[in-house]
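Report on one structure; see the data block that follows.
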C-alpha cells in the first residue's frame, strides 16, 4: 500500500450550522490545510472546536459552505470509498456479525467475490487479534475490539486516506494505550495517509508526523508542528527530552490560540 | 506486537468464557426462583379471592368464588365445542387484524420515514385519524363493511395499525447518521442501504410496535365482540353477564387473560427470532 497518494488539501473551508432559535453556529471558518500523503497527520484541538465537522468534510459526508477540498489534486466530493472514516462512537452495524461488517464494502461494490472477501476479512481479523470473534456481533466485543474491527472494515477497501475522529475516546486508559501502539504499528507497516483527530496532546505527539493545531470555534488550522521523534516509535519515546520539548511547543501554541476561562483573549 | 495481540486475545477469551459461565449459572438459579415465587403469588391470590368471597367482603356478594368458577368451567365449558370455538374465533380476529396491521403499517412507516414528499402528504391525515380510539370506529365500521366479521377485523386492525406506523416511522428517523454514511462511503447502492441498513435498523421498533399492537388488539377485539358480535370470548363474557351468571363472566375473563398471555408469548418468540443480535448480553 506504499503509494504516494492521499494528499488532502483544503482551502478556506467554512461551515456554518443553522440552529433553531439561536445564532448560527460557525463550526469552521477559513480552514486551510495540507495533509501530506503517507503521513500520520494529527489534528489537535479542544472539544467543540469543529474537529468532527472537519472530519465529516474530509470524509465527504457533509459539504463545506465555502472553500474547496482536493485529493491528489482532484476535487474531492461526496462520500466515496477512497476516503474512509472511523467514527467517534462505533459505527459497526449491530445486526451484522463482525465478518459481515468487514466484508460489506467489497461485497456491495462487487470488487471481491463473497468468498474472496471472506478470506481477506479473515486475514485482517486474524491480524487484528479478532480471529475468534468473526461470527460474533459487535455488541459482544469490547471497546478496543470494536475499534480494531472498524479498522479492518475500512482497510479491506484499500482506501487512499483514513480519517479517524477521536477513535480511542471513551476507551479505558489501558485499552487506549494498547490501541495507540497498535495503530502506530499499523501505520508504520502500511504508510497509509492518515488524518487522526484528537483532543489529547500526549496521543497527538506519540502518533503524529505532524500536528495541526486547531483554534477554538470557528475552527481553523493555526499552527503546524513537525514531530521528529524517530520511527518506529516506542512508548519509551515519551520519556525523552525531545518529547518534552515538543509538548512544550504544542502547549504554547494551543494556549496562544485557544480561549480558556482564565485566558479569555486570543494571541494570534 | 505479537505479545500485545496475544495478551489482548487471551484477556478477551477469559472474559468471554467467564461471562458465558456466569449466564449459565444465573440461568439455572434464576428460573426456579421466579417459578416458585410466582406460583406462590398465584396461590396466594386465589386464597385471598376465596376468603373475600367467603366472608362476604363489601362488594363481593355477587362475585363467584374461585371454586365455583372452576366447577362451572369443567361442567359447562371445558368439553364443549362452542367454548373452544370462541377461542378460535377471537384468536382468528386478533391474528387477521394484527397481521394486516403489520403488512400495511410497516411499509407505510418506512415510506413516511424515507420519502419526504409522501410524508408531507400523508402524515397530517395519519395524525388526524390516530387519536380516534379504535372503538369509536365501531358504528361506522358496521355501516361500511358488509359483514360483522369484517368490521370486527377492521376495528382490530385500526387498533394496531397506527401504533406500528408511528413506531416504524420513529425507528427510521432515529437511525444513526453514521450507519448511513458508512454504507454510502463503502459504495452501497440506495437499494442495498434500504435492505441492509434501514430495514434491520427499524426491526427493534417493529418489535416494540408488535408488543404494543398485540395488547391493543386483544383489548379492541374483546370490546368489539361485546358490542357487535355473536361469537368469541368477548361475547361469551358478555352473555354471562346478561344471563346473570357471574361465574361465566369470570370464566370468560380468565380465558381472555390466558389468550392474551399466549399471544404475547408467540409475539415475543417472533421478536427474538427477528433480532438475533439482541440475544447476547
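In the stretch A:94-113, which residues are over 26 Å from residue A:7 (Cα atoms) and in contact with a helix residue (DSSP H, G or I) (Cβ under 6 Å, 6 or more places away or on another chain)?
A:94, A:95, A:98, A:99, A:101, A:103, A:107, A:108, A:112
Based on this model, can you work out whether residue B:126 counts as buried (at least 20 other Cβ atoms within 10 Å of the Cβ) and either in contact with a helix residue (DSSP H, G or I) (Cβ under 7 Å, 6 or more places away or on another chain) or more than 30 Å from residue A:101 (Cβ to Cβ) (or both)?
no
Quick one: would you say residue B:178 is more than 22 Å from residue B:270 (Cα to Cα), at pLDDT below 95, surrounded by fewer than 21 Cβ atoms within 10 Å (Cβ to Cβ) and more than 14 Å from chain A (Cβ to nearest Cβ)?
no
Which members of the stretch B:124-146 meet the condition of being in contact (Cβ under 8 Å) with a residue 24 or more places away in the chain and over 23 Å from residue B:223 (Cα atoms)?
B:126
If you take the residues of the stretch A:152-183 that are part of a strand (DSSP E or B) and within 12 Å of another protein chain (Cβ to nearest Cβ), which of them is farthest from residue A:108 (Cα to Cα)?
Within the stretch A:152-183, the match that is farthest from residue A:108 (Cα to Cα) is A:165.
Which of the helices (runs of 4 or more DSSP H) found entirely inside the stretch B:125-220 contain at least 3 residues meeting this: in the same structural domain as residue B:235 (by TED's automatic domain parsing) and closer than 30 Å to residue A:159 by Cα?
Ranges flagged: B:177-185, B:190-193.
What number goes with the only condition from (1) modelled with pLDDT of 90 or more; (2) under 12 Å from the mean Cα position of the chain (by Cα) that residue A:169 does not pass?
Answer for residue A:169: the failing condition is (1).
Do the conditions hold for residue A:58, that is, is it touching a strand residue (DSSP E or B) at 6+ places or on another chain (Cβ under 6 Å) and either under 24 Å from residue A:157 (Cβ atoms) or assigned to a loop (DSSP other than H, G, I, E, B) (or both)?
It is true that residue A:58 is touching a strand residue (DSSP E or B) at 6+ places or on another chain (Cβ under 6 Å) and either under 24 Å from residue A:157 (Cβ atoms) or assigned to a loop (DSSP other than H, G, I, E, B) (or both).
To keep it simple, each residue is scored yes or no on (1) surrounded by fewer than 17 Cβ atoms within 10 Å (Cβ to Cβ); (2) more than 8 Å from chain B (Cβ to nearest Cβ); (3) not in a helix (DSSP H, G or I).
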position	(1), (2), (3)
A:79	no, no, yes
A:85	no, no, yes
A:104	no, no, no
A:107	no, yes, no
A:116	yes, yes, no
A:120	no, yes, no
A:132	yes, no, no
A:139	yes, no, no
A:150	no, yes, no
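The values are calculated or read from the model by the stated rules, or taken from the named source; none is laboratory data. Here the structure is a predicted model, which is why all the values come from computation and not from measurement. Neighbour counts are summed over all protein chains in view; Cβ atoms, including those assigned to glycine, are modelled from backbone coordinates with ideal geometry.
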